[in-house]
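> Got a structure for you, written out below as C-alpha cells; questions coming shortly.
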Amino acid sequence: MSGAFPAWARSGSPGLAAPMATASGEDIALSIGHAMIGIGGRSGHAIGINGSTPGPVIRLKEGQNVRLAVTNTLDEDSSIHWHGVLLPNNQDGVPFITQPPIKPGETFTYEFVARNPGSHMYHSHHN
C-alpha cells in the first residue's frame, strides 16, 4: 500500500540516503553549508549540515557535557536552533534573539549538558 503514496509521504523515507550519519562524543564538529537533497528520484538544493539534509543524528548520554563547534560555510549568517533540548538561553540558536548569528566563515561553539533524554530536532536558522 505504501507504494500508492508519493515518496515524501512514505514510511521509512525511502527517498533519503541511508544509513544516516551519526555524531557522538563530547566534541562534535558541524558545518552549515550548501547540499543537494534527493527525494523520490528528484534532486534539489538545500541547506545541509555536514553535507547532508537532514544533518547527522547526534547521540548523547544524559548528563554528558557536549561541545558542538558549528562552522558556517554559507555566504550569509546562520546558526543552529535546538528544539526540545534544555540548554542555556544563549545557546538556543535564534539569531538576534538568543545569540548573535554565526558569520560566514566563522565558528560558534555550543556547549551544554545533555539534561533531557529523548528525541529532539535541530536545524540551521536565520531571521
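The values are calculated or read from the model by the stated rules, or taken from the named source; none is laboratory data. All figures in this text were calculated on a predicted structure; none of them were measured in a lab. Neighbour counts run over all protein chains shown; Cβ positions are idealised from the backbone, glycine included. Keep in mind that these areas ignore ligands, DNA and RNA; they rest on the heavy atoms of the full protein, side chains included. Shrake-Rupley method; radii C 1.70, N 1.55, O 1.52, S 1.80 Å.
> Can you tell me which condition residue 105 does not meet? The list is (1) exposed (fewer than 14 other Cβ atoms within 10 Å of the Cβ); (2) modelled with pLDDT under 90, and all the others hold.
Result: residue 105 passes all but (2).
> Any residue at all in region 99-107 that is part of a strand (DSSP E or B), more than 14 Å from residue 30 (Cα to Cα) and in contact (Cβ under 8 Å) with a residue 40 or more places away in the chain?
no
> Turning to a different aspect of this structure: Kindly evaluate residue 96 against the criterion of being under 16 Å from residue 24 (Cβ atoms) and of a type outside the set (Val, Ile, Thr).
So residue 96 does not fit the description; no.
> Ok, one more. Give the residues of region 67-93 that are over 15 Å from the mean Cα position of the chain (by Cα) and over 17 Å from residue 104 (Cβ atoms), sorted by residue number.
Listed by number, the residues that qualify are 86, 87, 88, 89, 90.
> Given the conditions (1) open to solvent by 30 Å² or more (accessible area, probe 1.4 Å); (2) modelled with pLDDT of 90 or more; (3) not hydroxyl-bearing (Ser, Thr, Tyr), which single one is not true for residue 18?
If we test residue 18 against (1) open to solvent by 30 Å² or more (accessible area, probe 1.4 Å); (2) modelled with pLDDT of 90 or more; (3) not hydroxyl-bearing (Ser, Thr, Tyr), just (2) comes out false.
> Restricting to region 58-76, name every residue that is part of a strand (DSSP E or B), farther than 15 Å from residue 113 by Cα and open to solvent by less than 20 Å² (accessible area, probe 1.4 Å).
70, 72
> Look through region 26-53, keep the residues that are assigned to a loop (DSSP other than H, G, I, E, B) and touching a strand residue (DSSP E or B) at 6+ places or on another chain (Cβ under 8 Å), and return whichever of them is surrounded by the most Cβ atoms within 10 Å (Cβ to Cβ).
Only one residue fits best here, namely 53.
> Go through region 77-90 and report how many residues are part of a loop (DSSP other than H, G, I, E, B), open to solvent by 40 Å² or more (accessible area, probe 1.4 Å) and within 20 Å of residue 54 (Cβ to Cβ).
Final tally of qualifying residues: 1.
> In region 91-102, what residues are open to solvent by less than 90 Å² (accessible area, probe 1.4 Å) and out of contact with any Phe, Trp or Tyr (no Cβ under 7 Å at 6 or more places or on another chain)?
Answer for region 91-102, where residues must be open to solvent by less than 90 Å² (accessible area, probe 1.4 Å) and out of contact with any Phe, Trp or Tyr (no Cβ under 7 Å at 6 or more places or on another chain): 94, 95, 98, 99, 101.
> Pairs, please: C-beta under 9 Å, at least 6 apart or cross-chain, first residue closer than 16 Å to residue 30 by Cα and assigned to a loop (DSSP other than H, G, I, E, B) and in region 113-127, second hydroxyl-bearing (Ser, Thr, Tyr) and open to solvent by less than 40 Å² (accessible area, probe 1.4 Å)?
Listed pairs, sorted by first residue: 125/78; 125/79.
> Here is a further query. Within region 12-31, can one find any residue that is farther than 13 Å from residue 124 by Cα and of a type in the set (Asp, Glu)?
There is at least one residue in region 12-31 that is farther than 13 Å from residue 124 by Cα and of a type in the set (Asp, Glu).
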